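What follows is a short report on a single structure.
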Amino acid sequence: MLGRRHGSRSRRRRTRGQALVEFAIVLPVFMLVLAGILDFGFLLFDRMTLISAARDAARVSISVADKTTIPAIAANSVKGSVTGMTPSAVSTTISCVAGTVGGACAFTGSASSVPHLAASGDSVRVVVSYPYHSFFPLLFGQVITIDAAVQMVVE
């Protein structure tokens with residue numbers, strides 16, 4: 001009977017050591033997966049923020065009465081919408097897309113010098129980009145550029 005107890009104790013000690021070794025092997029893999037999930041989540045949040053900012057800027061742009069101020073108004077709208085990001089790192093491109101075939105579309109000049117000054121039927125296209133800096137640059141790369149583009153028809 002003494003032999004059995006002594007044998008089960010040594011077996012129990014060996015299984016504790018085995019669990020520790022398995023934990024040491026699995027822990028780095030688990031941490032890598034967790035880091036990837038967290039980094040991807042923050043990247044996705046920043047992308048959704050950019051899409052929302054581009055949508056807000058396009059919506060403000062199509063409802064402005066003075067069409068020459070569209071680029072400034074859209075850029076200010078984007079800067080105000082990108083909470084949690086560095087506003088100076090966000091780049092915004094606003095362009096006018098002619099609604100008619102062969103038509104001209106611009107934001108500058110007066111209505112008499114430009115045939116179609118973002119008139120009804122034309123579209124405003126807002127493209128917003130942001131350099132996302134990864135939390136774990138050795139694993140996922142240093143900088144990932146996120147882009148969001150929205151196009152809306154001028155009212």
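The values are calculated or read from the model by the stated rules, or taken from the named source; none is laboratory data. Treat the numbers as computed from the prediction; the structure is a model and nothing was measured. Please note: Cβ atoms are built from the backbone with ideal geometry, for glycine as well, and neighbour counts cover all protein chains shown.
Among residues belonging to segment 67-81 that are of a type in the set (A, V, I, L, M) and more than 10 Å from ASP56 (Cα to Cα), point out the one that is surrounded by the most Cβ atoms within 10 Å (Cβ to Cβ). Per the criteria, the residue is ILE70. In segment 87-97, the condition of being farther than 27 Å from ILE144 by Cβ, surrounded by 12 or more Cβ atoms within 10 Å (Cβ to Cβ) and either at pLDDT below 80 or more than 14 Å from the chain's Cα centre (by Cα) (or both) is met by at least one residue.
Within segment 48-64, is there a residue that is of a type in the set (A, V, I, L, M), assigned to a helix (DSSP H, G or I), in contact with a strand residue (DSSP E or B) (Cβ under 6 Å, 6 or more places away or on another chain) and at pLDDT below 85?
Taking segment 48-64 as the starting set, the residues that turn out to be of a type in the set (A, V, I, L, M) are 48, 50-51, 53-54, 57-58, 60, 62, 64.
With the extra rule that they be assigned to a helix (DSSP H, G or I), the set shrinks to 48, 50-51, 53-54, 57-58, 60, 62.
Add one more test, that the residue is in contact with a strand residue (DSSP E or B) (Cβ under 6 Å, 6 or more places away or on another chain), and what stays is 50-51, 53-54, 57-58, 62.
In the following step, the residues that additionally are at pLDDT below 85 were identified as 62.
Yes.
Return the pair list, or none, for Cβ contacts closer than 6 Å from residues in segment 42-63 that are at positive phi to residues that are of a type outside the set (A, V, I, L, M) and buried (at least 20 other Cβ atoms within 10 Å of the Cβ), at least 6 apart or on different chains. Here the result reads none, with nothing in segment 42-63 linked to a residue that is of a type outside the set (A, V, I, L, M) and buried (at least 20 other Cβ atoms within 10 Å of the Cβ).
Scanning segment 26-45 turns up one or more residues that are at pLDDT 75 or above, touching a strand residue (DSSP E or B) at 6+ places or on another chain (Cβ under 7 Å) and closer than 30 Å to ILE94 by Cβ.
Of everything in segment 50-102, what is under 14 Å from ARG125 (Cβ atoms) and among the hydroxyl-bearing types (Ser, Thr, Tyr)? Give them in sequence order. Those that are under 14 Å from ARG125 (Cβ atoms) and among the hydroxyl-bearing types (Ser, Thr, Tyr): SER61, THR92, THR93, SER95.
Kindly evaluate VAL150 against the criterion of being over 19 Å from PHE45 (Cβ atoms) and at pLDDT 75 or above. Before the answer, list the steps.
Numbers: over 19 Å from PHE45 (Cβ atoms): no; at pLDDT 75 or above: yes.
So VAL150 fails the test.
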